[in-house]
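The values are calculated or read from the model by the stated rules, or taken from the named source; none is laboratory data. The model shown is predicted, which means the values in this text are computed figures rather than measured ones. Note that each Cβ is placed from the backbone with ideal geometry, even for glycine, and that neighbours are counted across all protein chains shown. Just the protein is used for accessible areas: all its heavy atoms, side chains included, with ligands, DNA and RNA removed. Shrake-Rupley method; radii C 1.70, N 1.55, O 1.52, S 1.80 Å.
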Amino acid sequence: MKPTERLDKDGILKAISSDGTIRAVIATTTQLVECARQRHELSYTATAALGRGLTAGVLLAPLVARDGQVALKFQGNGPLGKMMVDASPKGTVRGFVENPQVELPLNSLGNFDVGKAVGKTGYLHVTIDHGFGRPHISTVELASGEVGEDVNRYLVNSDQTGSIVLVGTHLSAHGAEAAGGLIVQLLPDHTEDTICRIENNITTFGTFTFLMRRGMSLEAILARILNGFEIQPLTEVHPLSFFCKCTGERFVEALKVLGKQDLLSMAKEDGQAEGRCHFCNRHYYIGREKLLDLAKAST
């Protein structure tokens with residue numbers, strides 16, 4: 001892909017500097033954020049918040065989860081309530097907010113007030129499941145509720161290394177117009193001015209979503225933000241998607257844990273059982289005859 005070629009689909013890219021001072025992972029997430037907005041019927045503020053959370057999830061997954069899963073739970077004192085994100089290194093992510101219709105006035109900078117919506121007091125819980133053994137759970141206090149700063153605090157506490165986390169969502173009247181982010185981590189060979197050079201680049205070239213709206217590819221954005229470093233991609237651009245692993249079969253299995261009388265009661269009074277997945281807002285329905293079959297099979 002040429003540096004000036006626009007990336008029209010969501011994707012993620014890992015890279016390292018040739019001098020061994022930094023490693024980076026960068027992603028565009030516009031389509032998957034818009035998918036989440038539509039599925040959950042999110043307000044503008046909720047879209048901005050969950051968009052940042054989903055982006056943070058796909059950025060963290062290849063850094064910390066390898067072949068497993070990483071789950072982020074933001075539990076602040078803001079009106080948005082709990083925000084959950086579940087991501088895998090395979091490029092899939094899903095998530096939800098407890099109160100999807102929360103809308104707040106813009107903050108003093110004219111941006112969506114994600115910090116106030118999530119809450120500045122509370123915790124970020126990060127669960128890493130490698131697919132074997134017990135999952136590892138880390139908890140840090142929220143830094144600001146702005147998501148990026150909170151994930152950065154987690155990385156500093158867990159890895160004891162300096163990092164920069166950028167996540168952003170730009171919205172128009174029609175939905176998500178640009179979303180994406182970047183994590184840069186300092187490696188042992190970094191010098192004292194490495195992080196200063198990166199911060200100066202960010203200040204000079206603007207926000208991540210600003211660069212996206214100029215039609216720049218992942219490689220071009222990475223080269224702009226890491227200007228002055230010789231960057232070597234570690235992977236090809238890998239596609240990303242909003243994907244939920246819920247199924248109708250799993251809903252049936254969940255119903256099987258109910259007692260026989262509960263199943264019979266639902267069949268008689270409601271004529272059906274209804275379930276909804278929090279992560280993707282998909283609804284599942286089981287009819288009366290199936291409920292009676294489950295009740296008959298129940299012990």
> From the list 271, 275, 228, which one is touching a residue at least 24 places away in the same chain (Cβ under 8 Å), open to solvent by less than 40 Å² (accessible area, probe 1.4 Å) and small (Gly, Ala, Ser)?
Replying inline: 275
> Which of the residues spanning segment 207-221 are open to solvent by 50 Å² or more (accessible area, probe 1.4 Å) and either touching a Phe, Trp or Tyr at 6+ places or on another chain (Cβ under 6 Å) or among the polar types (S, T, N, Q) (or both)?
Replying inline: 207
> Tell me, which residue of segment 119-153 that is open to solvent by less than 20 Å² (accessible area, probe 1.4 Å) and β-branched (Val, Ile, Thr) is farthest from residue 83 (Cα to Cα)?
Replying inline: 128
> For segment 165-189, which residues satisfy the criterion of being open to solvent by less than 30 Å² (accessible area, probe 1.4 Å), more than 18 Å from the chain's Cα centre (by Cα) and among the aliphatic types (A, V, I, L, M)?
Replying inline: 186
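Yes/no per residue for (1) hydroxyl-bearing (Ser, Thr, Tyr); (2) modelled with pLDDT of 90 or more; (3) open to solvent by less than 30 Å² (accessible area, probe 1.4 Å):
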site: 157; (1), (2), (3): no, yes, no
site: 193; (1), (2), (3): no, no, no
site: 201; (1), (2), (3): no, no, yes
site: 205; (1), (2), (3): no, no, no
site: 223; (1), (2), (3): no, yes, no
> When residue 34 is evaluated against the numbered criteria (1) at pLDDT 95 or above; (2) of a type in the set (D, E, K, R); (3) touching a helix residue (DSSP H, G or I) at 6+ places or on another chain (Cβ under 8 Å), which criterion, by number, is the only one it fails?
Replying inline: (3)
> Based on what the data block shows, is residue 281 open to solvent by 80 Å² or more (accessible area, probe 1.4 Å), outside any helix (DSSP H, G or I), modelled with pLDDT of 90 or more and not hydroxyl-bearing (Ser, Thr, Tyr)?
Replying inline: no
